[in-house]
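Since the structure comes first, as structure tokens, the remarks are kept for the end.
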Amino acid sequence: MSIPRIALTAGEPAGIGPELLVQIAQQQFEAELIVIADPELLADAATRLGLPLSLHPYASSAAPTILPAGQLRIDPIAL
């Protein structure tokens, strides 16, 4: 069985999207979650929420992998 990839965006930087992504990262999913966002925006949101967050670079050529809770793959897009 292959691992699905799911891409998520932060949406409007001033909205609740960054905080939602940090909260989503606190759970483990049976899929590879890839966030398309500014890494600093997510790090700031994690700090404000007091939640752990580790970001790993996304490579489309790599096989999908499931990360533990508190970690996300990121395709960085600067604000």
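The values are calculated or read from the model by the stated rules, or taken from the named source; none is laboratory data. Computed from a predicted structure; not experimentally measured. Heavy atoms of the whole protein, side chains included, go into the accessibility calculation; ligands, DNA and RNA do not. Shrake-Rupley method; radii C 1.70, N 1.55, O 1.52, S 1.80 Å.
This structure gives Cα Rg over 2.2 N^0.38 Å, computed directly, and of [x] 2.10; [y] 1.07; [z] 1.02 that value is listed as [z].
Taking all protein chains together and rolling a 1.4 Å probe, Arg73 ends up with roughly 50 Å² accessible. Stretching the chain fully between Ser61 and Asp75 yields a gain of 3.7 nm (0.36 nm per residue, less the alpha carbon separation). Over the chain, accessible surface divided per residue gives 60 Å², non-protein components excluded, 1.4 Å probe.
Once the Cα atoms of helix 39-49 and of the chain are each reduced to a long axis, what angle between those two axes, in degrees from 0 to 90 to the nearest 10, is obtained? For 39-49 against the chain, the angle is about 70 degrees.
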